[in-house]
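**Q** Below you'll find the structure I mean.
Since every read-out is calculated from the coordinates, none of them should be taken as a lab result. The shown structure was predicted, so the numbers you read here are calculated from the model rather than taken from an experiment. We place every Cβ from the backbone using ideal geometry, glycine too, and count neighbours over all the protein chains shown.
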Amino acid sequence: MFKILHIHTDPKFFFDTLSYVDDRVDNSIIYVGTENYLIKNKLDKLNINYLIYSPEVAVNSILKDITDFDAVVLNEFCKIKTQIVSMASPENKFYLRLFGYELYQRNLHRYLHSKSIKYRFPIFVKDNDVKKYLKSKLKRVLKLDFRYNEQEQVDLYKKLNSVFLFSEEEYNELNTFFYLPKYIQLPLYPFPVNIKSKKGTIIVGNSKHLWNNHLEIFDIIKGTNPEIFLFYNYGPENGYTKQVEKEGGKIKNLIWQKDFLELDEFNMIYSTASALVINSYRQHALGNIFTAIMSGCKIYLNPKSPTFKWLINEGAIISSVYILKTDILKNNIGLTDIEMQHNINIYNKMRINYNSSNFITNIMSCNS
């Protein structure tokens, strides 16, 4: 039996472990965090063996535990997981479920619109130090203000056997700017078909986070009057979100969804919406995109995004955010029944090709 240890620090991603359930695999979970009823309840539902360690003892405890496993899956990189990888024996086999932000945040000028950067990372004159202000402004213009230790990134990622991502397009995008080990494709999840009478609503974004580049979309749709549904129920509060709320407040027919919804309510919104707009320049909000496909929504993505390239290459009907205003003015928001079924068929075909059995086989082959 091939033994895999999954190290989690974020309960939102516990369910990802189910992708590794296979007759050939014995899975175990270690959660690093505070033990409470909700955490234990989530883990119990997975029916997978687990341990919970406090952050204070996690590193030393896990370094002892990993010797019993054939593979260790790190669900995103954080300080604790970085310490574990750095201190572990070269004989340990580490695999990173790469969520992307670990690297995307090191190249913000590529993955954020200029207005997103302007309001999230404003430059002020501090203590009347005009010279320092001008220096900061020059670094911003030259795109030299978000630097990182490149050798440190290379050294850390060289300790990994592989990274797990959903598409080769995203791997190639990241590998252009960062060192990455071998790529293994993640399996896709099932999403039910859920299409109801369309209302002409356009869903924008998936959260408050600046990866959505909301402000650019607000600029694109100026002079139009569609019904906009803005998912705005989680994410950090900062200068960027204040500007989003200021500019969004001027848009008629914009509905702010600031509370979390029950799953049935969430699915109902997608089932009756005509379009989804995700203006991320990186791979982002895949669950929302796939829900929208299976709900018959027209999908608008930014052409800079590897997700745009990926889904186009798979044969899906995907539109650029830069034709959104034209489509609104021409009343072309939405897909025909034939186009809806085409995208659903494409996703179902992708699920067959990107299956869990192949995923496990690839991990075991990479481990040998």
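**Q** Give me the orientation-averaged projected area of the Cα convex hull of the chain, in nm², one decimal. Display every interim value, and only then the final one.
**A** Numbers: hull surface 82.0 nm².
Directional mean of the projected Cα hull area for the chain stands at 20.5 nm².
**Q** Mind checking the alpha-carbon convex hull of segment 39-128 and giving the volume per residue in Å³?
**A** Details: hull volume 18.1 nm³, N = 90.
That works out to 201 Å³ per residue.
**Q** Considering the options Asn41, Pro236, Ile346, tell which one lies farthest towards the positive end of the dipole of the chain, charges being +1 on Lys and Arg and -1 on Asp and Glu at the Cβ, about the Cα centre.
**A** Pro236
**Q** What are the extents of the Cα atoms of segment 238-325 along their three principal axes, listed from largest to smallest and rounded to whole Å?
**A** Projected onto the principal axes, the Cα atoms of segment 238-325 cover 37, 30, 24 Å.
**Q** Report Rg (one decimal) and Dmax (nearest whole number) for segment 169-230, counting Cα atoms only, units Å.
**A** 17.6, 47
**Q** Going from the alpha-carbon gyration tensor of segment 206-249, what semi-axes, largest first and in whole Å, does one get by taking the root of 5 times each eigenvalue?
**A** Details: eigenvalues 65, 25, 16 Å².
Taking √(5λ) for each eigenvalue gives 18, 11, 9 Å, largest first.
**Q** For the residues Thr291, Thr9, what sequence is obtained by ranking on other C-beta atoms within 10 Å, fewest first?
**A** Details: Thr291 22, Thr9 19.
Going from least to most buried by this count: Thr9, Thr291.
**Q** Place a +1 charge on the Cβ of each Lys and Arg in the chain and a -1 charge on the Cβ of each Asp and Glu, then give the dipole magnitude about the Cα centre in debye, rounded to the nearest 20. Before the final figure, lay out each step's value.
**A** On the way: 46 positive and 38 negative charges, 338 e Å.
My answer is approximately 1620 debye.
**Q** Could I get the Rg over Rh figure for segment 15-166? Both from C-alpha atoms, Rh via Kirkwood, rounded to two places.
**A** Working: Rg = 20.4 Å, Rh = 18.7 Å.
Ratio value, two decimals: 1.09.
**Q** Sort His113, His284 by Cβ crowding within 10 Å, fewest neighbours at the top. Write down the numbers at each step before the final one.
**A** Working: His113 20, His284 27.
Exposure proxy ranking, most exposed first: His113, His284.
**Q** Just the projected area, averaged over all directions, of the convex hull on the alpha carbon atoms of segment 110-206: how many nm²?
**A** On the way: hull surface 44.8 nm².
Seen from a random direction, the Cα hull of segment 110-206 projects 11.2 nm² on average.
**Q** Could you put Ile293, Ile80, Ile228 in order, starting from the residue whose Cβ has the fewest other Cβ atoms within 10 Å? All intermediate terms of the calculation are to be shown ahead of the outcome.
**A** Numbers: Ile293 27, Ile80 18, Ile228 22.
By the 10 Å Cβ count, ascending: Ile80, Ile228, Ile293.
**Q** Here's something else I'd like to know. Project the alpha carbons of segment 274-316 onto their principal axes and report the range along each, largest first, in whole Å.
**A** 24, 20, 15
**Q** Among Met294, Asn267, Leu210, which residue has its Cα positioned farthest towards the positive end of the charge dipole of the chain, with +1 placed on the Cβ of Lys and Arg, -1 on the Cβ of Asp and Glu, and the dipole taken about the Cα centre?
**A** Going by the Cα projections, it comes out as Leu210.
**Q** Right, something else. Please give the Cα centre distance for segment 207-230 versus segment 253-318, rounded to the nearest Å.
**A** Value for the Cα centre distance between the two parts: 13 Å.
**Q** List the equivalent ellipsoid semi-axes of segment 178-323 in whole Å, largest first, each obtained as the square root of 5λ for an eigenvalue λ of the Cα gyration tensor.
**A** Details: eigenvalues 112, 77, 48 Å².
Working from the Cα gyration tensor, I get semi-axes of 24, 20, 16 Å.
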